[in-house]
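Notes to accompany the following structure.
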Amino acid sequence: MAVDFQLKGQAAVITGSTSGVGQAFALTLARQGVDVVLNGLGDPAAIEADRKAMADETGVRVLYHPADMTKPAEIADLIGYAHRELGRLDILINNAGIQHVAPVDEFPDAKWDAIIAINLSAAFHATKHAVPIMKAQGRGRIVNLASVHGLVASPFKSAYAAAKHGLVGFTKACALELARTGITVNAICPGYLRTPLVEAQIADQARTRGIPEDRVIEEVILTAHPNRAFVEYDHLGGLLLYMVSDQGASTNGAALPVDGGWTAA
Ligand code: NAD
């Protein structure tokens, strides 16, 4: 059964959408007729090729803004650019994120600061600038890419767990504050997907724990999932569309796990 989420003509910003989940989310929205602004790091030629391919496939406007999520002024400029160029802003997906795995007593200060900036503070800065636009429109949808680590923790991930728990708290506070404005704010909390972020983490964990990478996958990564399987992009896309559609109007302040049962334990 094909569901029409009636998103055609809306406009979205997806932070960190040059790779992984953010890129998949941008494509999911573009295929529903949503104009999108991509953002993220990477080789400019590869980003432009991906941008053009998405625009050609979907027929919507696909723009790119290079804001660095550690820089509040650039985040403000990203939101302003989207509003100016697309004439509206209906959907904000705070997705950009990085990971670093290390014991807390050896955790590099610069990595801590970067994880808090990109995974947590960037969502605040983007939300702060998007909300006045959404309030003026009388409707908006903000989705924060948290993690199962916004609900539970794992060893060696102090910064990531702190940032993602913070992001879930931020989601709830904003949801309550904006509950009568037509804007909803929710978090998606995935378990492991095999994105570049997780591939790097498998290597980090192997180093930190002193075991080979295939043992990290079997003994660290997939043991967390009771179903012993990675989460796939397709397991997230339908939830995203529901959250940003009118059908999602009563889902507000939620932090929904998509984790193969991890947080049921
Ligand atoms: P990824 O590494 O594939 O993509 C991360 C994106 O963020 C890239 O586009 C990258 O360029 C961008 N980014 C990083 N630093 C940036 C900066 N300073 N400024 C702008 N953009 C920046 O990772 P992913 O796995 O797709 O992760 C996306 C989100 O999903 C993250 O918030 C991550 O924490 C979350 N998440 C991922 C998993 C997983 O298993 N992969 C699980 C739970 C949550």
Open item on the list: Let me confirm something: among ILE142, ILE75, ILE93, which residue is assigned to a strand (DSSP E or B), modelled with pLDDT of 95 or more, within 13 Å of the ligand (Cβ to nearest atom) and crowded, with 19+ Cβ neighbours inside 10 Å?
Closed with: ILE93
Open item on the list: Where the second residue is more than 6 Å from the ligand (Cβ to nearest atom) and part of a helix (DSSP H, G or I) and the first is touching a residue at least 12 places away in the same chain (Cβ under 8 Å) and lies in the stretch 189-201, which pairs have Cβ atoms under 6 Å and are six or more apart or on separate chains?
Closed with: CYS189/VAL148; CYS189/GLY150; GLY191/VAL148; GLY191/TRP262; TYR192/ILE221
Open item on the list: If ASN186 meets every condition in (1) in contact (Cβ under 8 Å) with a residue 24 or more places away in the chain; (2) more than 30 Å from ASP90 (Cβ to Cβ); (3) touching a helix residue (DSSP H, G or I) at 6+ places or on another chain (Cβ under 8 Å); (4) not aliphatic (A, V, I, L, M) apart from one, which number is that one?
Closed with: (2)
Task: Residue list for the stretch 202-251, restricted to those being open to solvent by less than 10 Å² (accessible area, probe 1.4 Å) and modelled with pLDDT under 95 - done: ILE202, GLN205, VAL216, ILE221
Task: Selection status of VAL36, more than 24 Å from ASN186 (Cα to Cα) and within 16 Å of the ligand (Cβ to nearest atom) - done: no
Open item on the list: Which numbered condition in (1) in the same structural domain as ALA110 (by TED's automatic domain parsing); (2) open to solvent by 70 Å² or more (accessible area, probe 1.4 Å) is the only one that ALA2 fails?
Closed with: (1)
Task: Cross-chain or 6+ apart pairs with Cβ under 7 Å, the stretch 95-119 first and on the phi < 0 side of the Ramachandran plot, then of a type in the set (D, E, K, R) and part of a loop (DSSP other than H, G, I, E, B) - done: VAL101/LYS157
Task: Members of the stretch 55-66 found to be buried (at least 17 other Cβ atoms within 10 Å of the Cβ) and closer than 20 Å to ARG141 by Cβ, listed by number - done: THR58, VAL60, VAL62, LEU63, HIS65
- [ ] Give the stretch 1-25 a look and list any residue that's outside any loop (DSSP other than H, G, I, E, B) and near the ligand (Cβ under 10 Å from one of its atoms), or say none.
- [x] ILE14, GLY20, VAL21, GLY22, GLN23, ALA24, PHE25
TODO: Can you work out which of the residues in the stretch 27-42 that are in contact (Cβ under 8 Å) with a residue 40 or more places away in the chain and assigned to a helix (DSSP H, G or I) is surrounded by the fewest Cβ atoms within 10 Å (Cβ to Cβ)?
DONE: THR28
Open item on the list: Which residue is farthest from the ligand (Cβ to nearest atom), if the candidates are limited to the stretch 168-180 and must be outside any helix (DSSP H, G or I) and loosely packed, with under 15 Cβ neighbours inside 10 Å?
Closed with: ARG180
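The values are calculated or read from the model by the stated rules, or taken from the named source; none is laboratory data. Note that the coordinates shown come from a computational prediction; the quantities given were computed from them, not determined experimentally. Positions of Cβ are generated from backbone atoms using ideal geometry, with glycine treated the same way; all protein chains shown enter the neighbour counts. These area figures cover heavy atoms from the full protein model, side chains too; ligands, DNA and RNA do not enter into them. Shrake-Rupley method; radii C 1.70, N 1.55, O 1.52, S 1.80 Å.
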